[in-house]
Amino acid sequence: MATEFKLPEVGEDVEKATIVTLMVSKGDKIEKDQPLIEIETDKVTLEIPSPSGGTIQDVKVSEGDEVE
């Protein structure tokens, strides 16, 4: 069963973030709370953990992408 991952809210008035580091690739096995990506906003840099364990089926972003 696939789980779509969405970025959490990272602060008031923050609408965009840049993907700084992808820590996983398609096919990787991951554990719950394992860091997946590092994002950067104009206010903070954060590692975003996995909400569940499993296998990465697809990665729809690349390092340097700006996401909402």
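Taking all protein chains in place and a 1.4 Å probe, what share, in percent, of the accessible surface of the chain do carbon and sulfur account for?
Solvent-exposed carbon and sulfur of the chain make up 44 percent of the total.
Label-point separation (nm) for residue 13 and residue 25, each offset 7 Å from Cα along Cα-to-Cβ?
For the pair residue 13/residue 25, the computed spacing is 4.1 nm.
What does the charge count near residue 54 come to, summing +1 for each Lys or Arg and -1 for each Asp or Glu among other residues with Cβ under 13 Å from its Cβ? Provide the component values of the computation, followed by the final result.
Values: positive: 26, 29, 32; negative: 4, 28, 31, 33, 58.
Local net charge: -2.
Using only alpha carbon pairs under 8 Å that are at least six residues apart, calculate the relative contact order of the chain and give it in whole percent.
Over the chain, the number comes to 38 percent.
Give the cross-link partners of residue 16 among the aspartates and glutamates, using a straight C-alpha distance below 12 Å as the criterion and excluding same-chain residues fewer than 8 apart.
40, 42, 65, 66, 68
Give me the 1.4 Å probe accessible area per residue for the chain, excluding ligands and nucleic acids, in Å².
76 Å²
When the distances between all Cα atoms of the chain are binned every 5 Å from zero, what whole-number percent does each bin get?
Histogram of Cα-Cα distances, whole percents per bin: 4, 17, 30, 25, 16, 7, 2.
The values are calculated or read from the model by the stated rules, or taken from the named source; none is laboratory data. Every value quoted in this text rests on a predicted model; they were computed, and no experiment measured them. Glycine gets a Cβ as well: all are built from the backbone with ideal geometry, and neighbour counts include every protein chain shown. Surface accessibility is based on the protein's heavy atoms, side chains included, excluding ligands, DNA and RNA. Shrake-Rupley method; radii C 1.70, N 1.55, O 1.52, S 1.80 Å.
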